[in-house]
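Q: Structure incoming, see below.
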Amino acid sequence: MNKPNQDVAATSSRYAKNYEPASIEPRWYGEWVRRRYFHADAQAPKAPFAIVIPPPNVTGVLHMGHALGCTIEDIFTRWKRMAAYNAMWLPGTDHAGIATQMVVERRLREKEGKSRHDIGREEFVKRVWEWRQQSGDQILEQLKRLGCSLDWDRLKFTMEPSYSEAVIEAFVRLHEEGLIYRAERLINWCVSCRTALSDLEVDYDEGKQGELYEFAYPLLDGSGEVVIATTRPETMLGDTAVAVHPDDPRHQAKIGRKIQNPLTGYFFNVIGDPVLVDPTFGTGAVKVTPAHDPNDFESAQRNGLPFISILDEAGVVTAAGGPFAGLDRFAARKAVKARLKELGLERGSKPHVHAVGHCQRCETVVEPMLSTQWFVKMEPLARPAIEAVEQGKTRFVPESWSKTYFHWMRNIRDWCISRQLWWGHRIPAWTCGACAKITVARQTPAACVHCGDAALTQDSDVLDTWFSSWLWPFATLGWPKETRELKTFYPTTVLDTGYDILFFWVARMMMAGLHFMKKVPFRTVYLHTMVTDEKGDKMSKVKGNTIDPLVVIDKYGADALRFALAWLATHASQGKNIKFSMNNVEDARRFATKIWNASRFALMNLEGFDAERFADRVADGPDRAELDLPERWILSRVQRAIEAVDEALEDYRISDAAQAAYHFVWNELCDWYIELAKAALAREGAADSELRWKVQGALVTALEAAMRLLHPFMPFLTEEIWQQLPKSSGAPQSIMITLYPVKDLRFIDDASEASMALVQKVIVALRTIRAEKNIAQTARLTAILTVGDDYKKTILEGYREIVAEQGRCAAVRVRRAGSTTNIPHLVG
RNA sequence: AGGCACGUAGCUCAGUGGAAGAGCACUACCUUGACACGGUAGGGGUCGGCGGUUCAAUCCCGCCCGUGCCUACCA
């Protein structure tokens with residue numbers, strides 16, 4: 001017997017009735033880290049298994065979504081590590097451009113009453129780094145509390161120098177390949193964040209009841225008017241045409257007529273545009289505002305219309321708005337309406353449901369604006385990423401998400417990647433003071449590549465955060481260098497993340513991975529659900545319905561939280577969430593307590609047990625060891641449990657795996673085997689008999705296997721118990737580095753399972769009779785079993801003692817009858 | 001508007017072309033030396049509705065009703 005970890009195991013709590021996680025968890029986590037069990041060596045001659053963490057915001061705090069994802073990722077990682085894979089789970093954090101900048105700006109305003117402009121860019125960026133230093137990475141400490149077996153030696157941050165190098169490299173290469181371009185386009189502009197946003201960063205709140213106003217534009221020749229409809233009257237200041245359908249008999253004749261904008265005095269024409277205009281909608285005439293509407297922008301390109309930008313970056317009307325210049329966009333809306341009414345051009349309004357775009361970060365209404373920005377040309381990148389999924393090189397779990405992926409990828413639009421922020425990767429582009437042309441370079445260039453002038457100014461914009469995130473699976477492994485890490489761990493095995501960032505992150509990683517690495521970034525994408533409160537409402541601080549994982553861990557233990565989440569982690573059907581309730585955690589804690597007490601029972605009954613001797617006896621299987629029915633049965637059931645858990649994990653059915661382990665431990669090991677063991681150990685003469693050590697051996701064997709089986713789900717509890725179980729010499733120092741249970745065919749015993757099933761059925765029948773007839777528990781009656789065949793008779797006679805013990809009967813008699821059913825009787 | 005899902009026990013959810021499952025809740029009994037964060041036994045579902053395919057449908061197909069989510073430039 002080796003006695004490792006005596007100093008570590010909590011001997012004081014050994015006989016405590018309830019499991020006390022608070023004293024046990026930090027101790028084991030420290031030990032695991034100290035012994036470097038989480039570290040995967042890229043040179044190890046084992047099959048690789050790699051997961052990269054979805055990097056949380058560096059200044060973020062752990063929420064239930066992280067807890068779910070990281071529990072899932074840790075389950076996979078610990079499972080595969082025990083299954084002898086070179087399992088590597090890479091940790092890291094994201095600089096989270098807008099989100100972090102906003103947090104620091106708010107602090108600056110609150111603490112010093114200053115804006116970022118007051119202190120300037122350099123100082124502001126310094127402040128962000130200071131903030132990251134101070135409050136950053138606390139989420140990583142929180143992940144440790146959860147028990148995450150992350151390879152801390154590989155910690156990455158998306159703004160660290162080596163990662164920035166990868167970001168610059170990716171930008172420059174795509175630019176060289178013509179896949180990044182700079183152009184004046186209609187983009188989404190947040191007037192509060194004062195930056196451009198990608199299409200994905202705009203949220204549309206569906207079904208807002210608004211108003212559709214109708215106004216008349218008089219035709220200049222006095223021949224009448226054309227009535228248009230709009231939800232944004234202020235944009236009339238920027239109209240450069242009115243479009244009608246060329247086949248619309250109501251408006252056909254007006255095409256080519258001139259209009260003078262009654263608000264600004266500008267002149268424009270009525271044009272025919274069959275693409276823009278749906279003659280069945282509204283009045284059949286559409287005002288065209290090329291600088292503030294995506295459709296109108298395209299119409300203007302088709303028809304050669306001018307663009308008038310009427311809003312500045314703050315959302316205030318520009319000089320182009322004539323008399324309305326200087327008004328905020330919403331004030332301008334009112335003023336324009338009032339002016340049109342004054343002019344007698346109002347033609348009514350009707351209620352209208354339409355979706356308004358809001359900034360994902362600050363919820364401000366987003367304005368479509370004309371702006372010069374950097375874009376990634378997506379279609380050429382999307383094509384291989386579509387094919388890879390079609391060909392099964394990467395698969396989605398659940399599979400139905402691939403449809404969503406295809407739909408988005410096949411309709412993909414170019415990605416606006418420049419942001420007018422200060423916190424992020426500076427765009428590696430310099431404008432020449434002499435020729436005004438742009439030089440893109442990996443390092444600050446000495447001179448303009450076009451004219452050789454040295455007066456270069458770097459682009460002041462930074463890149464969208466996701467432009468660094470999409471490189472995560474390979475930039476974290478050393479790209480663009482050809483590292484051993486990349487060779488070993490790329491493509492990664494599984495990516496686990498919430499379905500809410502399928503487009504933001506997963507799809508883009510597919511594109512970047514295939515483009516830069518020529519291989520998919522991961523073989524499987526496991527998409528988990530969103531965690532909501534028990535009513536199904538999204539958890540939010542504003543609503544006050546959040547559940548803090550750390551509070552849960554403090555009160556119930558990390559294992560209880562993890563097991564609760566694993567239990568709930570069924571496949572993510574679209575639009576379905578995990579309704580998380582504290583009841584789930586309480587249930588999981590009850591399970592932990594149950595395991596703890598089952599272990600106590602075992603440990604209290606191991607006197608005289610010799611693990612070495614038992615191991616020798618069963619080394620050749622149960623027959624040689626001459627085990628009895630209950631022992632054969634439980635050791636066979638262990639194999640079934642192992643099989644069920646393993647199959648479920650292979651299929652990413654985490655909930656099924658957790659439930660299979662739960663069912664085995666509670667309903668078979670505890671409810672039946674421990675009860676059978678109690679009776680066996682209590683039998684006369686059991687003290688020194690063979691029976692005693694066989695029971696002890698089966699109990700320890702089943703329990704030990706259950707601990708290994710459950711370790712990925714409940715790492716702390718299982719380690720604590722495992723350490724205390726008797727083991728043969730040469731056993732590893734920690735459950736973490738044992739082998740995950742593998743089904744042992746020699747112990748699968750169909751005959752014993754069938755016999756035991758019959759015995760169980762009879763016992764339950766006897767108990768039912770007792771309960772239904774209100775017979776006292778203490779009454780010791782004679783059970784008379786009438787069975788239909790000799791086979792059953794033989795079995796039941798053979799295990800009469802067990803039936804009597806478990807059925808609380810004084811005696812059991814078995815009779816043969818013509819009938820095919822078992823008819824138990826109790827006779828007083 | 002289009003797309004994707006879902007509708008199974010009081011609640012939350014698994015599941016399968018061949019005699020309906022889990023956890024919780026509920027009822028009765030039990031403080032027995034592992035555990036009352038426990039034990040034993042039990043009640044409870046025409047598997048949303050209507051048709052169709054099949055020897056057989058909760059499962060496959062069609063329609064309908066209800067719910068949720070995603071995408072979209074509807075002035």
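Q: Need the failing condition index for A:Ser23 against (1) of a type in the set (Ser, Thr, Tyr); (2) assigned to a helix (DSSP H, G or I); (3) surrounded by 17 or more Cβ atoms within 10 Å (Cβ to Cβ), just the number.
A: Every condition holds for A:Ser23 apart from (3).
Q: Based on what the data block shows, is A:Lys543 within 11 Å of RNA strand B (Cβ to nearest atom), more than 15 Å from the chain's Cα centre (by Cα) and not acidic (Asp, Glu)? Can you show your working first?
A: Working: within 11 Å of RNA strand B (Cβ to nearest atom): no; more than 15 Å from the chain's Cα centre (by Cα): yes; not acidic (Asp, Glu): yes.
Criteria not met by A:Lys543.
Q: Six or more apart or on different chains, Cβ atoms under 6 Å: show the pairs whose first residue is in region A:377-403 and crowded, with 16+ Cβ neighbours inside 10 Å and whose second is in a helix (DSSP H, G or I) and among the polar types (S, T, N, Q).
A: A:Val389/A:Ser402; A:Phe396/A:Ser402
Q: Filter region A:309-325 for residues that are away from RNA strand B (no atom under 16 Å from the Cβ), part of a loop (DSSP other than H, G, I, E, B) and not small (Gly, Ala, Ser) and give the result.
A: Our first condition is that a residue be away from RNA strand B (no atom under 16 Å from the Cβ); within region A:309-325, this holds for A:309, A:312-325.
Narrowing the set further to residues that are part of a loop (DSSP other than H, G, I, E, B) leaves A:309, A:312-315, A:318, A:325.
Matches in region A:309-325: A:Asp312, A:Glu313, A:Thr318.
Q: Further question: With (1) modelled with pLDDT of 95 or more; (2) over 30 Å from A:Thr431 (Cα atoms); (3) not basic (Lys, Arg) as the list, and A:Phe516 as the residue in question, which single condition is left unmet?
A: (2)
Q: Considering only region A:299-330, state which residues are free of Cβ contacts under 8 Å to residues at least 60 places away in the same chain and closer than 17 Å to A:Ile271 by Cα.
A: Within region A:299-330, A:Ser299, A:Gln301, A:Arg302, A:Gly304 meet the criteria.
Q: When you look at A:Cys148, is it at pLDDT 95 or above, assigned to a helix (DSSP H, G or I) and closer than 30 Å to A:Asn577 by Cβ, yes or no? Steps first, answer last, please.
A: Working: at pLDDT 95 or above: yes; assigned to a helix (DSSP H, G or I): no; closer than 30 Å to A:Asn577 by Cβ: yes.
Against the criterion (at pLDDT 95 or above, assigned to a helix (DSSP H, G or I) and closer than 30 Å to A:Asn577 by Cβ), A:Cys148 does not qualify.
Q: Something else now. Does A:Gly478 qualify as being surrounded by fewer than 21 Cβ atoms within 10 Å (Cβ to Cβ), in contact (Cβ under 8 Å) with a residue 24 or more places away in the chain and farther than 24 Å from A:Ile98 by Cα?
A: Details: surrounded by fewer than 21 Cβ atoms within 10 Å (Cβ to Cβ): yes; in contact (Cβ under 8 Å) with a residue 24 or more places away in the chain: yes; farther than 24 Å from A:Ile98 by Cα: yes.
Yes: the conditions hold for A:Gly478.
Q: Only one residue in A:Lys80, A:Lys111 is at pLDDT 95 or above, out of contact with any Pro (no Cβ under 7 Å at 6 or more places or on another chain) and assigned to a helix (DSSP H, G or I). Which one? Spell out how you get there, then give the answer.
A: Numbers: A:Lys111 fails: at pLDDT 95 or above.
It is A:Lys80.
Q: Among (1) within 16 Å of RNA strand B (Cβ to nearest atom); (2) in a helix (DSSP H, G or I); (3) modelled with pLDDT under 95, where does A:Ser752 come up short?
A: (1)
Q: Further question on the same structure: Would you check which residues across region A:149-208 are more than 16 Å from RNA strand B (Cβ to nearest atom) and among the hydroxyl-bearing types (Ser, Thr, Tyr) and list them?
A: A:Ser149, A:Thr158, A:Ser162, A:Tyr163, A:Ser164, A:Tyr181, A:Ser192, A:Thr195
Q: Follow-up question, since we're still on this one. Run down A:Gly513, A:Gly557, A:Gly575 and say which single residue is in contact with a helix residue (DSSP H, G or I) (Cβ under 7 Å, 6 or more places away or on another chain) and either within 16 Å of RNA strand B (Cβ to nearest atom) or basic (Lys, Arg) (or both).
A: The conditions single out A:Gly557.
Q: Can you tell me which residues in region A:232-259 are away from RNA strand B (no atom under 12 Å from the Cβ) and part of a strand (DSSP E or B)?
A: Residues satisfying the conditions are A:Lys258, A:Ile259.
Q: Go through region A:260-289 and report how many residues are within 15 Å of RNA strand B (Cβ to nearest atom), part of a strand (DSSP E or B) and in contact with a Leu (Cβ under 9 Å, 6 or more places away or on another chain).
A: Counting residues in region A:260-289 that are within 15 Å of RNA strand B (Cβ to nearest atom), part of a strand (DSSP E or B) and in contact with a Leu (Cβ under 9 Å, 6 or more places away or on another chain) gives 5.
Q: Next question, about the same structure. Could you say which residue among A:Asp328, A:Asp293 is among the charged types (D, E, K, R), closer than 25 Å to A:Arg185 by Cβ, more than 16 Å from RNA strand B (Cβ to nearest atom) and out of contact with any His (no Cβ under 9 Å at 6 or more places or on another chain)?
A: Answer to the check: A:Asp328.
Q: Something else now. Go through region A:36-63 and give me each residue that's modelled with pLDDT under 95 and not in a loop (DSSP other than H, G, I, E, B).
A: A:Asn57
Q: Being assigned to a strand (DSSP E or B) and buried (at least 24 other Cβ atoms within 10 Å of the Cβ) is the filter here; which residues of region A:481-499 pass it? Quick ask: steps written out before the conclusion?
A: Restricting attention to region A:481-499, the residues satisfying the condition of being assigned to a strand (DSSP E or B) are A:492-498.
The answer is A:Thr492, A:Leu495, A:Asp496.
Q: Let me ask something else. Here are A:Ile187, A:Ile180: which of them is buried (at least 21 other Cβ atoms within 10 Å of the Cβ) and touching a Ser or Thr at 6+ places or on another chain (Cβ under 6 Å)?
A: Details: A:Ile180 fails: touching a Ser or Thr at 6+ places or on another chain (Cβ under 6 Å).
A:Ile187 is the lone residue from the list that is buried (at least 21 other Cβ atoms within 10 Å of the Cβ) and touching a Ser or Thr at 6+ places or on another chain (Cβ under 6 Å).
Q: Also: Quick one: is A:Tyr181 assigned to a strand (DSSP E or B), among the hydroxyl-bearing types (Ser, Thr, Tyr) and at negative phi?
A: On the way: assigned to a strand (DSSP E or B): yes; among the hydroxyl-bearing types (Ser, Thr, Tyr): yes; at negative phi: yes.
The answer is yes for A:Tyr181.
Q: Restricting to region A:349-376, count the residues that are over 30 Å from A:Thr431 (Cβ atoms) and either more than 14 Å from RNA strand B (Cβ to nearest atom) or acidic (Asp, Glu) (or both).
A: Residues of region A:349-376 over 30 Å from A:Thr431 (Cβ atoms): A:349-358, A:363, A:365.
Next cut, either more than 14 Å from RNA strand B (Cβ to nearest atom) or acidic (Asp, Glu) (or both) only: A:363.
Counting residues in region A:349-376 that are over 30 Å from A:Thr431 (Cβ atoms) and either more than 14 Å from RNA strand B (Cβ to nearest atom) or acidic (Asp, Glu) (or both) gives 1.
Q: Moving on. Can you list the helices (runs of 4 or more DSSP H) lying wholly within region A:592-706 that have 2 or more residues being within 14 Å of RNA strand B (Cβ to nearest atom)? Quick ask: steps written out before the conclusion?
A: On the way: elements: A:611-618, A:622-625, A:629-650, A:654-663, A:675-682.
Where helices (runs of 4 or more DSSP H) fall fully within region A:592-706 and carry at least 2 residues being within 14 Å of RNA strand B (Cβ to nearest atom), they are A:629-650, A:654-663, A:675-682.
Q: List every residue pair whose Cβ atoms sit under 7 Å apart, with the two residues 6 or more apart in sequence or on different chains, where the first one lies in region A:640-658 and is closer than 11 Å to A:Phe713 by Cα and the second, anywhere, is outside any helix (DSSP H, G or I) and away from RNA strand B (no atom under 14 Å from the Cβ).
A: What qualifies is A:Ala658/A:Phe713.
Q: Just to be sure, is A:Ile119 without any contact (Cβ under 8 Å) to a residue 40 or more places away in the chain and among the aliphatic types (A, V, I, L, M)?
A: yes
Q: Still on this structure, please answer the following. In region A:287-319, how many are of a type in the set (Gly, Ala, Ser) and crowded, with 18+ Cβ neighbours inside 10 Å? Spell out how you get there, then give the answer.
A: Kept after step one, since they are of a type in the set (Gly, Ala, Ser), are these residues of region A:287-319: A:291, A:299-300, A:304, A:309, A:314-315, A:319.
Next cut, crowded, with 18+ Cβ neighbours inside 10 Å only: A:291, A:299-300, A:315.
Of the residues in that region, 4 qualify.
Q: Could you pull out the residue among A:Asp537, A:Asp587, A:Asp628 that is in contact (Cβ under 8 Å) with a residue 24 or more places away in the chain and either charged (D, E, K, R) or in contact with a His (Cβ under 7 Å, 6 or more places away or on another chain) (or both)? Explain how you work it out, then say what you get.
A: Values: A:Asp537 fails: in contact (Cβ under 8 Å) with a residue 24 or more places away in the chain; A:Asp587 fails: in contact (Cβ under 8 Å) with a residue 24 or more places away in the chain.
None of the other options fit; the residue is A:Asp628.
Q: Identify, please: which residue in region A:549-578 is in contact (Cβ under 8 Å) with a residue 60 or more places away in the chain and not in a helix (DSSP H, G or I) and is, among those, farthest from A:Val397 (Cα to Cα)?
A: Here the residue is A:Gly557.
The values are calculated or read from the model by the stated rules, or taken from the named source; none is laboratory data. No experiment lies behind these values; they were computed from the predicted model shown. Cβ: placed from backbone, ideal geometry, glycine included. Neighbour counts: every protein chain shown.
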